[in-house]
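Colleague: Structure incoming, see below.
The values are calculated or read from the model by the stated rules, or taken from the named source; none is laboratory data. As the structure is a prediction and not an experimental result, all values here were calculated from the model. Cβ: placed from backbone, ideal geometry, glycine included. Neighbour counts: every protein chain shown.
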There are 2 protein chains.
Amino acid sequence: MSDASAPKIDADRVWRRHMEYAELGATPRGGVNRTTLTPDDIEVHRRLTEVALERGFEVSLDDYGNTFYRLVGTEPNLPPVASGSHSDTQPTGGRFDGIFGVLAAFEGLEAMADAGVQPRRSVEAVIWNNEEGARFTPSSMGSAVYVGNAELAPLLAGVDRAGETMGDSIAALRAAMPDVGHREFGAPYHSFVEAHIEQGPILEAEGIPIGVVTGIQGARKFAVEVIGEEAHAGTMPRSGRRDALVDAVAIVNSLHEIFHDEADEVRFTIGRFEAFPGARSVVPGLVKLLVDLRHPDNDLVAELGDKLLPAAQAAAKRCEVRVDESNRSETVVFGEQVPAAIIRSAEARGYAWRHIFSGAGHDARHMDSHCPSGMVFVPCEGGISHNEAENARPEDIAAGTQVISDTMFDLANGE
Amino acid sequence: MSDASAPKIDADRVWRRHMEYAELGATPRGGVNRTTLTPDDIEVHRRLTEVALERGFEVSLDDYGNTFYRLVGTEPNLPPVASGSHSDTQPTGGRFDGIFGVLAAFEGLEAMADAGVQPRRSVEAVIWNNEEGARFTPSSMGSAVYVGNAELAPLLAGVDRAGETMGDSIAALRAAMPDVGHREFGAPYHSFVEAHIEQGPILEAEGIPIGVVTGIQGARKFAVEVIGEEAHAGTMPRSGRRDALVDAVAIVNSLHEIFHDEADEVRFTIGRFEAFPGARSVVPGLVKLLVDLRHPDNDLVAELGDKLLPAAQAAAKRCEVRVDESNRSETVVFGEQVPAAIIRSAEARGYAWRHIFSGAGHDARHMDSHCPSGMVFVPCEGGISHNEAENARPEDIAAGTQVISDTMFDLANGE
């Protein structure tokens, strides 16, 4: 029931806030480096908290550093409607991935507050901690631990490259926001909707501002170690070497062959490939690889992923190979309820929309196991994301924000 | 003229000092991480300086941080005889590479001092700064700049990964040894002899303690950058990617083919291979490679090295490739004088010896362009070097040290 009383968002405010927050972790090349709970990421949480407390929103923090901003509804005992995304980025990330979903949800709350309308259910804007998994692996653990798909203790003990733990980082977040409440994991939601840039080229190419997401692609993620023996580059003959680089390249060749599909639907990426010790005159004794494998078909991802270890062991002629599956997620298909509300909202405002499938993972994947969920995509320039050149147009950010605000309002006033 | 008066070295002292200095930068796996002019490396210079000043040796330092310890001869105006090597290691280096040549030379001076014998020419033990080139590239610049094969200014401006300059590091070295003199570059030497572990398997396999080095293999060293475009691992299809990892692996495949020789005499190593930004869900936009290419035949190294750029550009299908030749050195063949003195010394002590060729580069390469030069190799376990497991036997260290001491004494008393 998107009705005449659904408030209008402030398009200038939400764009201005994107530009302002893009300064937190800004890179010389116009991108953003704001990995999880670095001082810049904590500052995003703190600034929004400051605005929220001035507005009279309730703010709370759970034990994994997820942050919740609530506009209380007229029936505050009903499970609330939530919307949100993440504030962390990849090390060479952009100005919209994640933060758009946070700021769109927060703008929804502000628009309702400005218009003086109070929905039936409470509405919440959420920052899910550590969606990118760049500083602390694995990814999407904020929503996962909230809904019970992951255990807290090992995540708190996770360390970054400098040896700092996630637990210490969360303590720093809490210290930066001393006046906020505590939130339990798993508190029920009526529904969840997440806004995000598409990170693909379809909406821009078709000139459509609103993507109604039907589901999220599954993935298997592996850490591979190739263990050989260091030797002197000038003296040790090829026949005497156990060169980890040579075997790692043979493994990559084999995987490229196995994962090649004519239809170009398999997403196979080696995002990290690093030889150690990394000195010119030393034959590498160790190579570390990170493998990311995705396809919409769960059975195919399972089958291909199972081929990785035997293929790697067969390809490595002289080195030992270790494969650790660090993350596995199934393809999720959203139910009817939230996508229907998104479509109602888009049509009520006259925005063109289309169904679209998400190749990237999002927190909405975990939320869908907790409550009816859905996502709104907006176009981004050239489909480029996880890249400092990532870009989006103010009018698309405004349209997506309006649809998120209206969808929250619709769901909060509905059954 | 290795004669009866050549003093006996103190085998216990020189071994004890190896073990003591191996603590400076000791790694948990029994190796040494003591890259150039880190506090541990500076401490090596400082401790030897302390002993030298107590002994009454003259100590001086040049503008690149090379350190000279001199026992003055009876004819101090004659060009001195020098011996030495380097105190820096690879990041995962061992307890003998480099430091053996320094401590053998220093023990030669101490043995002469203990015996109260004074050679005709002065004799010097030298620490050539930054032979490994691990913290500051390129390698072997200490001897190079001393003999005029490299320019000082750009080397002083060189930075490590943390942004510290070589110039600042040398200032820290100087500050740690305030009481030493200043040495000009290029002061003439009568001759130079360097002791080193073989870093290959031949002497150990044949049970021969002394290798008389005939020459040093040339090398060409390249830095390669493969420049593509970052993209999201879950959304960007293979056909739309400019994946720097994919093209870098194609380049490595092509180079393995081009540089493959049945005789196994070409030494082709990729010591560094690193994808950026190095996150699992980001298609790499950049890969950096370091290539090391060696062969005893200068013409063949020239020919093979010239194939690298065109081969890399042909192999890269979608990315830009940049190749920078960071270092090039010719194969050096030592003259008669120093090897003959080494052989006289070995035979006078009854040590078995053989001629041997050096696959690795050493400071003696640059010294040979300045004065008659040579090298003494001793066996190391399994030929393993540039590796924390690097090892050598006390009796071989003692034999090599005795031959260095005797050779210095022989050359210093000769014509």
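Colleague: If you go through the stretch A:363-382 one residue at a time, how many are within 14 Å of chain B (Cβ to nearest Cβ) and surrounded by fewer than 24 Cβ atoms within 10 Å (Cβ to Cβ)?
Modeller: Qualifying residue count, the stretch A:363-382: 2.
Colleague: Can you find even one residue in the stretch B:285-297 that is more than 12 Å from chain A (Cβ to nearest Cβ), more than 24 Å from A:I384 (Cα to Cα) and not small (G, A, S)?
Modeller: Yes.
Colleague: What pairs can you find where one residue is in the stretch B:240-254 and in the same structural domain as B:P310 (by TED's automatic domain parsing) and free of Cβ contacts under 8 Å to residues at least 12 places away in the same chain, the other is surrounded by 24 or more Cβ atoms within 10 Å (Cβ to Cβ) and outside any helix (DSSP H, G or I), and their Cβ atoms are less than 6 Å apart, with a gap of 6+ or different chains?
Modeller: Listed pairs, sorted by first residue: none to list.
Colleague: Here's another thing I want to ask about it. Quick test for you: out of A:F268, A:F185, A:F192, pick the one residue that is free of Cβ contacts under 8 Å to residues at least 60 places away in the same chain and of a type in the set (F, W, Y).
Modeller: Every option except A:F268 fails the conditions.
Colleague: Scan the stretch B:19-32 for residues that are surrounded by fewer than 19 Cβ atoms within 10 Å (Cβ to Cβ) and in a loop (DSSP other than H, G, I, E, B) and jot them down.
Modeller: Passing the criteria: B:E23, B:T27, B:P28, B:R29, B:G30.
Colleague: Okay, next question. Within the stretch A:389-408, how many residues turn out to be surrounded by fewer than 24 Cβ atoms within 10 Å (Cβ to Cβ) and not small (G, A, S)?
Modeller: Qualifying residue count for the region: 4.
Colleague: I would also like to ask the following. Could you tell me which residue of the stretch B:117-136 is surrounded by the most Cβ atoms within 10 Å (Cβ to Cβ), considering only residues that are small (G, A, S) and modelled with pLDDT of 95 or more?
Modeller: Ranking the candidates gives B:A125 first.
Colleague: Given the criteria without any contact (Cβ under 8 Å) to a residue 60 or more places away in the chain, in the same structural domain as B:S373 (by TED's automatic domain parsing), surrounded by 21 or more Cβ atoms within 10 Å (Cβ to Cβ) and not hydroxyl-bearing (S, T, Y), does B:R16 qualify?
Modeller: no
Colleague: So how many residues does the stretch A:251-267 have that are surrounded by 21 or more Cβ atoms within 10 Å (Cβ to Cβ) and more than 7 Å from chain B (Cβ to nearest Cβ)?
Modeller: 2
Colleague: Now for a different question. Being surrounded by fewer than 12 Cβ atoms within 10 Å (Cβ to Cβ), part of a helix (DSSP H, G or I) and touching an Asp or Glu at 6+ places or on another chain (Cβ under 8 Å) is the filter here, so list the residues in the stretch B:137-187 that pass it.
Modeller: Hits for the stretch B:137-187: nothing passes.
Colleague: Sticking with this one: Restricting to the stretch A:188-214, what's the tally of residues that are crowded, with 20+ Cβ neighbours inside 10 Å and of a type in the set (G, A, S)?
Modeller: So the count comes out to 4.
Colleague: Give just the number: which of (1) assigned to a loop (DSSP other than H, G, I, E, B); (2) acidic (D, E); (3) in contact with a strand residue (DSSP E or B) (Cβ under 9 Å, 6 or more places away or on another chain) does B:E107 not satisfy?
Modeller: Of the numbered conditions (1) assigned to a loop (DSSP other than H, G, I, E, B); (2) acidic (D, E); (3) in contact with a strand residue (DSSP E or B) (Cβ under 9 Å, 6 or more places away or on another chain), the odd one out for B:E107 is (1).
Here's the yes/no breakdown for (1) closer than 22 Å to B:M367 by Cβ; (2) away from chain A (no Cβ under 14 Å); (3) in contact with a Phe, Trp or Tyr (Cβ under 9 Å, 6 or more places away or on another chain):
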site: B:M112; (1), (2), (3): yes, yes, yes
site: B:A125; (1), (2), (3): yes, yes, yes
site: B:E132; (1), (2), (3): yes, no, no
site: B:R135; (1), (2), (3): no, no, no
site: B:P154; (1), (2), (3): yes, yes, no
site: B:T165; (1), (2), (3): no, yes, yes
site: B:A172; (1), (2), (3): no, yes, no
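Colleague: Tell me which strands (runs of 3 or more DSSP E) are completely within the stretch B:36-104 and hold 3 or more residues being in contact with a helix residue (DSSP H, G or I) (Cβ under 7 Å, 6 or more places away or on another chain) and either closer than 24 Å to B:A341 by Cβ or of a type in the set (S, T, N, Q) (or both), or say none if there are none.
Modeller: Correct list: B:67-71, B:81-85.
Colleague: On the basis of being closer than 28 Å to A:R280 by Cβ and in the same structural domain as B:E395 (by TED's automatic domain parsing), does B:A176 make the cut?
Modeller: Considered against the rule, which asks whether it is closer than 28 Å to A:R280 by Cβ and in the same structural domain as B:E395 (by TED's automatic domain parsing), B:A176 comes out as no.
Colleague: What are the residues in the stretch A:268-285 that are within 16 Å of B:A233 (Cα to Cα) and surrounded by fewer than 24 Cβ atoms within 10 Å (Cβ to Cβ), if any?
Modeller: A:F268, A:R272
Colleague: What residue, of A:A360, A:A346, A:A340, A:A352, is surrounded by 20 or more Cβ atoms within 10 Å (Cβ to Cβ) and at pLDDT 95 or above?
Modeller: A:A346
Colleague: B:D324 versus (1) in a helix (DSSP H, G or I); (2) outside the structural domain of B:E194 (by TED's automatic domain parsing): which is the lone unmet condition?
Modeller: Evaluating B:D324 over (1) in a helix (DSSP H, G or I); (2) outside the structural domain of B:E194 (by TED's automatic domain parsing) leaves (1) as the failure.
Colleague: Sort out which residues of the stretch B:174-191 are farther than 23 Å from B:Q337 by Cβ, under 24 Å from the mean Cα position of the chain (by Cα) and among the aliphatic types (A, V, I, L, M), and write them in order of number.
Modeller: Selection gives B:A176, B:M177.
Colleague: Residue check, A:H196 against (1) under 19 Å from A:P372 (Cβ atoms); (2) more than 14 Å from chain B (Cβ to nearest Cβ), all met but one. Which one?
Modeller: (2)
Colleague: If A:E229 satisfies every condition in (1) more than 19 Å from B:G234 (Cα to Cα); (2) within 21 Å of the chain's Cα centre (by Cα); (3) among the acidic types (D, E) but one, which is the exception?
Modeller: (2)
Colleague: Could I ask something else about it? When the residues of the stretch A:205-250 are filtered to those that are more than 9 Å from chain B (Cβ to nearest Cβ) and among the acidic types (D, E), which remaining residue is farthest from B:H256 (Cα to Cα)?
Modeller: Looking at residues that are more than 9 Å from chain B (Cβ to nearest Cβ) and among the acidic types (D, E), I get A:E206.
Colleague: Additional query: Taking A:F357 and the conditions (1) under 20 Å from the mean Cα position of the chain (by Cα); (2) assigned to a loop (DSSP other than H, G, I, E, B), which numbered condition does it fall short on, given that it satisfies the others?
Modeller: (2)
Colleague: Same structure again: Of all residues in the stretch A:63-91 being among the charged types (D, E, K, R) and surrounded by fewer than 21 Cβ atoms within 10 Å (Cβ to Cβ), which is nearest to the other protein chains (Cβ to nearest Cβ)?
Modeller: Looking at residues that are among the charged types (D, E, K, R) and surrounded by fewer than 21 Cβ atoms within 10 Å (Cβ to Cβ), I get A:D63.
Colleague: So, one more: Would you pick out the residues in the stretch A:26-38 that are over 16 Å from A:L48 (Cα atoms), of a type outside the set (S, T, N, Q) and touching a residue at least 60 places away in the same chain (Cβ under 8 Å)?
Modeller: Of everything in the stretch A:26-38, those that are over 16 Å from A:L48 (Cα atoms), of a type outside the set (S, T, N, Q) and touching a residue at least 60 places away in the same chain (Cβ under 8 Å) turn out to be A:R29, A:G30, A:G31, A:V32.
Colleague: Inspect all residues belonging to the stretch A:395-415 and state whether any of them is more than 14 Å from chain B (Cβ to nearest Cβ), within 22 Å of A:Q90 (Cα to Cα) and either not hydrophobic (A, V, I, L, M, F, W, C) or not in a loop (DSSP other than H, G, I, E, B) (or both).
Modeller: The answer is yes; a qualifying residue exists.
Colleague: Could I ask something else about it? If only one of B:M408, B:M367 is farther than 26 Å from B:P296 by Cα, in the same structural domain as B:A113 (by TED's automatic domain parsing) and not basic (K, R), which one is it?
Modeller: Checking each option against the conditions leaves just B:M408.
Colleague: Listed residues A:V117, A:V81; which is farther than 27 Å from A:E23 by Cβ, aliphatic (A, V, I, L, M) and in contact with a Lys or Arg (Cβ under 6 Å, 6 or more places away or on another chain)?
Modeller: Residue meeting the stated conditions: A:V81.
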